[in-house]
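For reference, the structure discussed in these notes is given below.
The values are calculated or read from the model by the stated rules, or taken from the named source; none is laboratory data. Fair warning: this is a prediction, and the values are worked out from it, not measured in the lab. Note: ideal-geometry Cβ built from the backbone for every residue, glycine included; neighbour counts use all protein chains shown. Ligands, DNA and RNA are excluded from the accessible area calculation, which covers all protein heavy atoms including side chains. Shrake-Rupley method; radii C 1.70, N 1.55, O 1.52, S 1.80 Å.
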Number of protein chains: 2
Amino acid sequence: MRTSTGPRRRGVLGTAVAGALGAATAGIAAAPAHARTAAGGDAPRTGERLVAILLYDGFTALDAIGPYEVLCRVPGVRVVTVGVRQTGPVRTDTGELSAVAERTLADVPAADVLLIPGGGARGQSAAGADGAVQRWIRRVDRGSVWTTSVCTGSLILGAAGLLRGVPATTHWAARPLLEETGAVWTQRRFVEHGKIITAAGVSAGIDMGLHLASRLAGDDVARAVQLGVEYDPAPPFDSGSAEKADERTKQLALKLLNDASS
Amino acid sequence: MRTSTGPRRRGVLGTAVAGALGAATAGIAAAPAHARTAAGGDAPRTGERLVAILLYDGFTALDAIGPYEVLCRVPGVRVVTVGVRQTGPVRTDTGELSAVAERTLADVPAADVLLIPGGGARGQSAAGADGAVQRWIRRVDRGSVWTTSVCTGSLILGAAGLLRGVPATTHWAARPLLEETGAVWTQRRFVEHGKIITAAGVSAGIDMGLHLASRLAGDDVARAVQLGVEYDPAPPFDSGSAEKADERTKQLALKLLNDASS
């Protein structure tokens, strides 16, 4: 995996913007072969785009892995997992599972897409209060094409001061905390406002990931990725939305979330 | 994390069966406190149930993490990730991400739920041809309450000889390979036949995970977990099923899957 920031920076500031906005891509010579051949006629011919997913102690696994699984299959996109102070295993909120950070904050000074997953209350609060994390988020955001979050990851973006006056969403149970950051809570599966895209709780990152795939490589590619991961959801129950759930289910959901977090 | 197999074996052969079948659980003294208090009136009072998720080189991240994220929040359930020959990081099919195996095959001689994720062609074929993996699957299956797979994980179950004559599913592109194992391909999001549950491609593991949650702890808990992970899917496209996709999208999906696999 390359870590040089020269080509990356060009990707961040040039080609990825062009791709995302559908602007002309003439003069961009660095299009990877697989992007040229696989993306189909609708997709922009651009250089490699870097998606940086922050992994902090106590993050929620599916918040990160849902969009990862979609975006890693988009031609010309490279996904990198970013640990805070070191590479290697990072514990999730339950303590039963770890994923591996390939890079550190210092290794990744810029990215086309910044993605902050949510986490258990302890981990998410700590990331929101960690000066190094906050400075990194603000720095990467300055050069990003898209700055995104899943679930309570929006609270971490908010702690960095990025959501003041911004329509955004989060996990249904975290709405008051999101509003405290100055964000305008908006009830949607994901909310795009300028370059900031925030997704609702945990599994909503998959839907946001597909939206990002379409922004990065066009609708045809996003549709093919959706088919590739056979995302034709058929939950055996219809209780995934706080709008539909009764109070007893909500209370039990909160208790289970709390009990499972380490 | 405990590794003693005494209580586990009782869980495997006794209480989990009772829970799954809704039988009386009198005489079971080992119910964890959080199961007793959080599960609600409908859930069986049982001992801890062990879910073993196999992580082999080249597995697909979401195949494992989707059901993990659901099941780790079910009271009384403990999820363990199982590497083949060693603990530590296991590479996924894209090579861009690794998850950590907490135990090895030898550490986990029995489980209440066996879960085999799918993988890229290379990884899945290798796991299906690995004698140690196959022997472990057959041994754990003999004592399991549920033996399950996601995506091409069913090909690995099939290679172990567990699917002969069994209605089952897999990733849409792997149907011919599944049929070669003697399974009866069945077009469903997930297929339950006796104690074997197979899910369709990648993201279908989330739906199967919720079904398993209901089998293990009752519908109220499954509904609460669904709300906990806010699984109210709203994909921005409707191309997740091979039945709905046109030939061009299918071909592009296959190409993207192939290009992303290491």
Cα shape, region A:145-195, gyration tensor, a/c 1.5 rule: rounded
For peptides B:139-148, A:157-166, sequence by mean Cβ density within 10 Å, most packed first: B:139-148, A:157-166
Principal axis dimensions, region A:116-174 - Cα atoms, whole angstrom, descending: 30, 25, 17
Per-residue ³J(HN,Hα) for region A:213-229, Karplus 6.51 cos²θ - 1.76 cosθ + 1.60, θ = phi - 60°, Hz, x for Gly and Pro: 4, 5, 5, 7, 9, x, 5, 4, 5, 4, 5, 5, 5, 4, 5, x, 9
Separation in nanometres of the label points that stand 7 Å from Cα toward Cβ, at B:THR186 and A:GLN251: 3.8
Chains B and A, summed buried accessible surface - 1.4 Å probe, Å², nearest 100: 6600
Shielding by partners - mean other protein chain Cβ count within 10 Å, residues of A:166-176: 1
Residues in region A:189-211 occluded by at least 50 Å² - accessible area, probe radius 1.4 Å, against chain by itself: A:ARG189
Amide H contacts of A:VAL184 (H built 1.01 Å from N, under 5 Å, at least 5 apart or other chain): A:GLY165, A:VAL166, A:ALA168
Whether region B:183-256 is rounded, prolate or oblate, judged on the alpha carbon gyration tensor where a/c under 1.5 counts as rounded: oblate
Mean separation of Cα contacts under 8 Å, 6 or more apart, over the residue count of region A:104-262: relative contact order %: 18
Calculated label separations, B:GLN187, copies of the chain, 7 Å along the beta-carbon direction, nm: 3.7
DSSP bridge orientation in region B:129-262 - percent antiparallel, rounded to nearest 5: 40
Pairwise centroid distance, computed over Cα atoms, of region B:65-104 with region A:161-236, Å: 25
5 angstrom amide H check on A:ILE196, placed H, neighbours 5+ away: A:THR147
Charge-dipole axis of region B:130-243 as Lys and Arg at +1 and Asp and Glu at -1 on Cβ define it, positive-most pick from B:SER239, B:HIS171, B:ILE196: B:ILE196
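Is region B:154-223 rounded, prolate or oblate when judged by the Cα gyration tensor, a ≥ b ≥ c being the square roots of its eigenvalues, rounded requiring a/c under 1.5 and prolate requiring a/b larger than b/c?
The shape class here is prolate.
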Cα coordinate range in region B:57-169, projected on the principal axes (Å, largest first): 36, 35, 26
Rg/Rg_globular for region A:112-262, with Rg_globular taken as 2.2 N^0.38 Å and Rg from C-alpha atoms: 1.06
FRET E, pair A:ALA129, B:GLU243, Förster distance 41 Å, beta-carbon r, rounded to 0.05: 0.25
